[in-house]
Amino acid sequence: MKKLTLIIPAKNESESLPKVLESLKQIDCKIIVSLKDNDLKTIDSIKEFDVTIHKQGGTGYGNSLIEAINVCKTEWYCIFNADGSFMQ
């Protein structure tokens, strides 16, 4: 069983998020992408990836994180940026 979840808050990241998710395939973890349900372009761009899409009910970056943390089921979680800023 996977013990780590990467929580990725996203907003209008249809170009960068698929690249980020592709680079994360080698890591043995769960991934929750938290975004608004009207961000259809980003949602469509990540449909082929094995991620959980959390549709944010509230607004703002902090709310996105809190909601995703609350649905996280693993022992550990880590926040990861959707824009690729954590990558080389």
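Asn81: outside any helix (DSSP H, G or I) and open to solvent by 50 Å² or more (accessible area, probe 1.4 Å), yes or no? Before you say what the answer is, go through the steps one by one.
On the way: outside any helix (DSSP H, G or I): yes; open to solvent by 50 Å² or more (accessible area, probe 1.4 Å): no.
Against the criterion (outside any helix (DSSP H, G or I) and open to solvent by 50 Å² or more (accessible area, probe 1.4 Å)), Asn81 does not qualify.
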Original post:
Mind checking which pairs have a first residue in the range 11-27 that is among the small types (Gly, Ala, Ser) and a second that is open to solvent by less than 40 Å² (accessible area, probe 1.4 Å), Cβ under 7 Å, 6 or more apart or different chains?
Top reply: Ser14/Thr42; Ser14/Ser45; Ser16/Ala82; Ser16/Gly84
Subject >> Complete set of residues in the range 48-78 that are closer than 20 Å to Ser23 by Cα and in a loop (DSSP other than H, G, I, E, B) >> reply: Glu48, Phe49, Asp50, Val51
**OP:** Considering each residue of the range 32-55, count those that are open to solvent by less than 20 Å² (accessible area, probe 1.4 Å) and either under 16 Å from Ile79 (Cβ atoms) or touching a Ser or Thr at 6+ places or on another chain (Cβ under 7 Å) (or both), and give that number.
**Re:** 5
Subject >> Contacts under 6 angstrom Cβ, first residue in the range 53-69 being modelled with pLDDT of 95 or more, partner part of a helix (DSSP H, G or I) and open to solvent by less than 60 Å² (accessible area, probe 1.4 Å), 6 or more apart >> reply: His54/Ala68; Gln56/Ser64; Gln56/Glu67
**OP:** Please find, within the range 56-76, the residue that is surrounded by the most Cβ atoms within 10 Å (Cβ to Cβ) out of those that are touching a strand residue (DSSP E or B) at 6+ places or on another chain (Cβ under 9 Å) and aliphatic (A, V, I, L, M).
**Re:** Ala68
Original post:
Is there a residue in the range 35-47 that is within 15 Å of Lys3 (Cα to Cα), touching a strand residue (DSSP E or B) at 6+ places or on another chain (Cβ under 9 Å) and not in a helix (DSSP H, G or I)?
Top reply: no
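The values are calculated or read from the model by the stated rules, or taken from the named source; none is laboratory data. Computed from a predicted model, the values in this text were never measured in an experiment. Cβ: placed from backbone, ideal geometry, glycine included. Neighbour counts: every protein chain shown. In case anyone asks, the SASA skips ligands and DNA or RNA and just uses the protein heavy atoms, side chains included. Shrake-Rupley method; radii C 1.70, N 1.55, O 1.52, S 1.80 Å.
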